1. Hey, can you find the accessible area per residue of the range 72-133 for me, probe 1.4 Å, expressed in square angstrom?
2. For the range 146-159, take each phi angle, set θ = phi - 60°, evaluate the Karplus expression 6.51 cos²θ - 1.76 cosθ + 1.60, and give the result in whole Hz per residue in order, putting x for glycine and proline.
3. Output ³J(HN,Hα) for the range 171-185: one whole-Hz value per residue in order, computed from phi by the Karplus curve 6.51 cos²θ - 1.76 cosθ + 1.60 with θ = phi - 60°, and x for Gly and Pro.
4. May I ask you to list the GluC sites (Glu not before Pro) in the range 1-52 that are in a DSSP loop and have at most 11 other Cβ atoms within 10 Å of their Cβ?
5. Could you look at the chain and say what percent of its accessible area is carbon and sulfur, using a 1.4 Å probe and all protein chains?
6. By average Cβ neighbour count within 10 Å, what is the ranking of 3-11, 174-182, 94-102 from highest down?
7. Give me the extension gain from Leu191 to Ser99: residue separation times 0.36 nm, minus the current Cα-Cα distance, reported in nm with one decimal.
8. Which aspartates and glutamates, if any, have their Cα less than 16 Å from the Cα of Lys184, not counting same-chain residues under 8 positions apart?
Amino acid sequence: MTSARDDILATMRRSLCVSGTEAPRRAAVEDRLARAPRGVIPKRAEVTGAERLAQFKLQAEEALATVALVPDAEAVPAEAARYLRDANLPATLRMGEDSRLAAMPWGSTTIDVSKGASAGGDLNALSHAFGGVAETGTLAMVSGPDNPTTLNFLPDNHIVVVAAQDLAGSYEETFDRLRSAYGKGAMPRTLNLITGPSRSADIEQTLILGAHGPRKLHIIVVEG
């Protein structure tokens, strides 16, 4: 008994008149995976330093996220508290086991912090991004107990911390960092690329926020 996946792949092989076992084709695939060649990099992704940070902020805000810059990690809890207060949200946050977040002075705020993956009942979540892409204002979120994937999708409001030094101009730079940090044989199970809050205009071309995830996305960039 074959699966739908097997049927689809078999149909593709028949249309290409191949079996999938041809040595030259397999060698070409293995070579490409080993070299991980870059594609064409857009001009706006060729930015560094302050220009890269400004480009990331501009693109993220155009995607309906809000962005705040703080001087160091110590300032993150106060900014998170300000955001929750100004948005008239309860002073609660669920976060994973990320050691960078745990080391921040949450005791200096009135925020009630809970730990672990979300089961769907959390209003606010906090995560630390692996990095960001200035080209499109996108956050790169890797899965794991440090930053559970459920926090990316289930709570209504998502606050994400990202270090300015982890911002890249292009997606290709971010993928290079991933390979360097994890190694090709030990990559995280999931990489989520998040640009702004969740939205959809599938029904009558009417934009709906929170269609498949958070209604609001607030990004805190740590400059120090």
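1. It amounts to 45 Å² per residue over the range 72-133.
2. Karplus values, whole Hz, x for Gly and Pro: 4, 9, x, 4, 4, 5, 6, 10, 8, x, 6, 10, 10, 9.
3. 4, 4, 5, 5, 5, 4, 5, 4, 4, 5, 6, 10, x, 5, x
4. The qualifying sites are Glu22.
5. Using a 1.4 Å probe with all protein chains present, the chain comes out at 55 percent carbon and sulfur.
6. The most tightly packed comes first, giving 94-102, 174-182, 3-11.
7. Residue separation times 0.36 nm, minus the Cα-Cα distance, leaves 31.2 nm.
8. Straight-distance partners of Lys184: Glu30, Asp31, Glu172, Glu173, Asp176.
The values are calculated or read from the model by the stated rules, or taken from the named source; none is laboratory data. Just so it is clear, the structure is predicted and the values come from calculations on it, not from any experiment. Note that we place each Cβ from the backbone using ideal geometry, even for glycine, and neighbour counts take in every protein chain shown. Just the protein is used for accessible areas: all its heavy atoms, side chains included, with ligands, DNA and RNA removed. Shrake-Rupley method; radii C 1.70, N 1.55, O 1.52, S 1.80 Å.
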